[in-house]
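Student: I'd like to ask you about the structure that follows.
The values are calculated or read from the model by the stated rules, or taken from the named source; none is laboratory data. Quantities reported herein were computed from a predicted structural model and do not represent experimental measurements. Cβ placement follows ideal geometry from the backbone for every residue including glycine, while neighbour counts extend to all protein chains displayed. Quick note on the areas: whole protein, heavy atoms, side chains included, nothing else; ligands and nucleic acids left out. Shrake-Rupley method; radii C 1.70, N 1.55, O 1.52, S 1.80 Å.
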Amino acid sequence: MIEEAIAWIHSRKKFGSRPGLERIQALLDKVDNPEKKVPVIHIAGTNGKGSTVAYLRSILIEAGVTVGSFTSPYIEEFNERIAIDAQPIPDNQLIVYVEKYQPIVAELDRDPAISGITEFEILTAIMLDYFATEQVDVAIVEVGLGGLLDSTNVVKPILTAITTIGYDHMDVLGDTLNEIAGQKAGIIKKNVPVVTGKITKGPLIEIVEKAANETAKMYRYGEEYQVDYLRPDATWGELFNFTDQAGKLTSLKVPLLGRHQVENAGVAIELYHLYCEQKGLPFEEKTIQKGLMKAQWPARMEKVSDEPLIVMDGAHNGHAIKRLVENVKREFRDYNINILFSALETKDVDQMLALLSEIPNAHIYLTTFEYPKALDLSRFDHLDSRFEVVSLWQFGLGELLEDMGADDLLLITGSLYFVSEVRQLLLNLGGTNEKS
């Protein structure tokens, strides 16, 4: 039954990404406008959205707040995209919502102006309906694509955030970082505070101008709040200090590896501080530290095995791969590195591979997987000896695992859809010792 419900949602994928709010608004109008009943923290950005959501959600839960979260894509199960207090929507409730929306979508399909409601629009509506019904204290909503015309932009936020600006989805969002920033700044609303992550000057100016037009107070990385990276933790994770108008928090720790994780955590902490101010809650260091340490975000510099050492990171565009390369160079310089990589053809794969090839002691295995627009291996016959094409990733993975020794690292990266497939297989094999 749940398989049928999810299959119906997926069947709407064929309508593709069609930016605009007309269809989602028509759908929400049919179900008594739940978007008006849910307080939302709305998060956009090229990269870093997911881990920012994970950190903020975990801190809020630690503070006793009932928090909904809407994220994509899923890593372990479809239902995790819509969650309350990090618990995915139960199968039976998802079925109820699908049965509710099927006739409404069929009715709207008869109107040419709003026909073809997409998978993401249906999920957005179900999410808002579910959170309104369950009366969450706040929902953290991750933008699907861009911001201005993304279906999540129907929400009424109490806070917004833009984590990073990089090149991605340029066919929809624009060819320059400033154009992309303009699209993402579309989530900024009148008089609603906005937190920005580590964003370069040009794109940041676009965001500042939009915020000024909306009289939205800005809290910028390196200006209204500071994040000072300290060092990697001896076990796994990163240590940092955080400073804003409330004072300084020292030796905070995130359980995820990568210098960029402290930047994402900084955005989350500043959002939490603003939420506390709005709601009259205490802003306490112990709540923040406990919340950060309980945060889990699979497939983001995640160690899934110690022996052999296997790390997964869903770095699905050039901006994310650049950060990944920096982390690997810093953390694993003494290892022989095998990289199993796949991506979608819609990405700048050549740029991603050029960046990965900058890692010393690395051998890169290119593969593909069952997914629309997955990598076409036939065009990779010109690569040098550091690259190898593997037609079936399952066999390639098996051979790599057989040959690994104590000085080897297996890094699985690229599309999050690909990484989640490999992750499921590894965890199902039971031979890995999963780390949170």
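Student: If residue 28 meets every condition in (1) of a type outside the set (Asp, Glu); (2) surrounded by 21 or more Cβ atoms within 10 Å (Cβ to Cβ); (3) assigned to a loop (DSSP other than H, G, I, E, B) apart from one, which number is that one?
Tutor: Failing condition for residue 28: (3).
Student: Additional query: Provide a single number: the residues in the stretch 276-305 that are more than 22 Å from the chain's Cα centre (by Cα), farther than 17 Å from residue 138 by Cα and open to solvent by less than 30 Å² (accessible area, probe 1.4 Å).
Tutor: Total satisfying the criteria: 2.
Student: Another question, then. Residue check: is residue 303 touching a Leu at 6+ places or on another chain (Cβ under 8 Å) and among the basic types (Lys, Arg)?
Tutor: yes
Student: Would it be correct to say that residue 225 is touching a residue at least 24 places away in the same chain (Cβ under 8 Å), out of contact with any Gly (no Cβ under 9 Å at 6 or more places or on another chain) and over 20 Å from residue 167 (Cα atoms)?
Tutor: No; evaluated as a whole, the condition is false for this residue.
Student: Now for a separate question. Could you check residue 46 against (1) buried (at least 22 other Cβ atoms within 10 Å of the Cβ); (2) touching a Ser or Thr at 6+ places or on another chain (Cβ under 9 Å); (3) not in a loop (DSSP other than H, G, I, E, B) and say which number it fails?
Tutor: (3)
Student: Just a yes or no: is a residue in the stretch 178-186 open to solvent by 60 Å² or more (accessible area, probe 1.4 Å) and part of a strand (DSSP E or B)?
Tutor: Looking for residues that are open to solvent by 60 Å² or more (accessible area, probe 1.4 Å) and part of a strand (DSSP E or B), one finds none in the stretch 178-186, hence no.
Student: Just to be sure I understand, how many residues within the stretch 348-407 are assigned to a helix (DSSP H, G or I), buried (at least 18 other Cβ atoms within 10 Å of the Cβ) and not hydrophobic (A, V, I, L, M, F, W, C)?
Tutor: So the count comes out to 1.
Student: How about the stretch 114-151: which of its residues are of a type in the set (S, T, N, Q) and buried (at least 23 other Cβ atoms within 10 Å of the Cβ)?
Tutor: Selection gives 124, 151.
Student: Condition first: of a type in the set (A, V, I, L, M, F, W, C) and either crowded, with 21+ Cβ neighbours inside 10 Å or under 24 Å from the mean Cα position of the chain (by Cα) (or both). Now tell me which residues in the stretch 206-215 satisfy that.
Tutor: Matches in the stretch 206-215: 207, 208, 211.
Student: Could you please let me know if residue 166 is at pLDDT below 95 and assigned to a helix (DSSP H, G or I)?
Tutor: no
Student: Follow-up question, since we're still on this one. Just a yes or no: is a residue in the stretch 216-227 assigned to a helix (DSSP H, G or I) and not polar (S, T, N, Q)?
Tutor: no
Student: When you look at residue 344, is it in contact (Cβ under 8 Å) with a residue 12 or more places away in the chain and over 19 Å from residue 364 (Cβ atoms), yes or no?
Tutor: No, not satisfied.
Student: Next question, about the same structure. Kindly provide the set of residues from the stretch 237-274 that are in contact (Cβ under 8 Å) with a residue 12 or more places away in the chain, surrounded by fewer than 17 Cβ atoms within 10 Å (Cβ to Cβ) and at positive phi, ordered by number.
Tutor: The one that is in contact (Cβ under 8 Å) with a residue 12 or more places away in the chain, surrounded by fewer than 17 Cβ atoms within 10 Å (Cβ to Cβ) and at positive phi: 251.
Student: Tally time: how many residues in the stretch 79-103 are touching a Leu at 6+ places or on another chain (Cβ under 8 Å) and not basic (Lys, Arg)?
Tutor: Residues flagged as touching a Leu at 6+ places or on another chain (Cβ under 8 Å) and not basic (Lys, Arg) within the stretch 79-103 amount to 3.
Student: Let me ask you something else. For residues that are outside any helix (DSSP H, G or I) and among the aromatic types (Phe, Trp, Tyr), scanning just the stretch 66-113, find the one that is most open to solvent (accessible area, probe 1.4 Å).
Tutor: 74
Student: How many residues are open to solvent by 10 Å² or more (accessible area, probe 1.4 Å) and either within 15 Å of the chain's Cα centre (by Cα) or not β-branched (Val, Ile, Thr) (or both) if we restrict to the stretch 56-65?
Tutor: Count: 5.
Student: I need the full set of residues from the stretch 331-347 which are open to solvent by 50 Å² or more (accessible area, probe 1.4 Å) and assigned to a loop (DSSP other than H, G, I, E, B), in order please.
Tutor: 333, 334, 335, 345, 346
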